[in-house]
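Worksheet for the structure shown next.
The numbers here are math on the coordinates, done by the rules we state, and not lab data. Since we're looking at a predicted model, the values are computed, not measured. Neighbour counts run over all protein chains shown; Cβ positions are idealised from the backbone, glycine included.
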Amino acid sequence: MVLASTQRTDGLTRGFCELTLEARDPGALAAFYKEVFAWSELSRQPDRIWLACGERARLGLWSTGPKEFGDEGGRHVHFALSVRPGELDVLVGGLTRLGVDHQGPVEHEGGDRSVYFVDPEGNVVEAWDFFEHGDGAQVGVQALKR
């Protein structure tokens, strides 16, 4: 059941608020993401760092061990970040300048493109223009019409 006061997107959510990654060295991983994506640091505690990674999203980089609510950082195999038109080429230039191995841009059947790389903790990161091009752009348009 969708409540009348809930703005319609896909379901009851507007997207991810946060993602947390486990890191042996949260400071080093934060420095990597700040350099690659030009993200700003929101806060830093002894066991975690939060980075702004979108209009309404943050990335948590946590040291190992239990946190509140039974949480622990996770070892993620893959996650994808949405990028604006033209930003993939900027990202590729930055990754090349920093000496970060990457694949792409890889063009997918629907007309969208991705760049893939591995962060210093071994997480596979995808930067993807899915909602900007081809079939993915139509998904976004259809969601707005509902």
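Summarising the label geometry, the points placed 7 Å from Cα in the beta-carbon direction at Arg56 and Glu18 lie 1.6 nm from one another. Relative contact order of region 16-65, taken over Cα pairs closer than 8 Å and 6 or more residues apart, is 47 percent. Relative to the current alpha-carbon distance between Ala38 and Phe69, full extension at 0.36 nm per residue lengthens the span by 8.1 nm. Residue ranges 112-124, 80-92 sort as 112-124, 80-92 when ordered by packing (mean number of other C-beta atoms within 10 Å per residue, highest first).
Taken one residue at a time, the phi angles of region 102-114 give Karplus couplings (6.51, -1.76, 1.60, θ = phi - 60°) of 8, 10, x, x, 9, 8, 9, 3, x, x, 8, 9, 9 Hz. Gly and Pro are set to x. What would the Debye formula give as log10 I(q)/I(0) at q = 0.20 Å⁻¹ for the alpha-carbon point model of region 24-123, no solvent? Taking Cα atoms of region 24-123 as identical point scatterers yields -1.12.
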